Amino acid sequence: MILLVILMVLVLVLIAAGWWLKIRGFKVSDLLLRLQMANSKNEVNHLQTKKAVLTERGNFKKEELEEIEQEIKDNNKKAEQAKLQLEGLGNEEIARRLSDLGF
C-alpha cells in the first residue's frame, strides 16, 4: 500500500515536471539556434580583428579587405536569422525583416 502511494507521487512529480518543461517552451532547436548565433558572433569578432590587424600593418590588398567585409556581412546575417527564428517568426517574416535591415 505504501509502495503504491510512493509510486503515484513519483508519477505525478514526473508528469508535473514534463508539463512544466513543455509550458516553458524548452526545445532543443532553441538551444541549437542559440549556439549558431553565438558561433556567428564569434566568427564576426574574429574577422573584425583580422581586418583591424591587416589595416594596422598596412600590407593588404583591397580585395582581401572587401572579402573580409563580405564574410562579416554574411555572418551578421546568419546571426540575425538565427535570432529571428528563435523569436518564432516564419520564413516570410524573417526574409522581410532581413530585407528591412539591409541584408
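Candidates are the residues of segment 53-71 that are surrounded by 10 or more Cβ atoms within 10 Å (Cβ to Cβ) and of a type in the set (S, T, N, Q); the one that is nearest to the chain's Cα centre (by Cα) is Gln70. Taking the conditions exactly as written (under 23 Å from Ser99 (Cα atoms) and modelled with pLDDT under 80), does Gln36 satisfy them or not? Yes.
The values are calculated or read from the model by the stated rules, or taken from the named source; none is laboratory data. Everything numeric in this text was worked out from a predicted model, so none of it was measured. Virtual Cβ from ideal backbone geometry, glycine too; neighbours counted across all protein chains shown.
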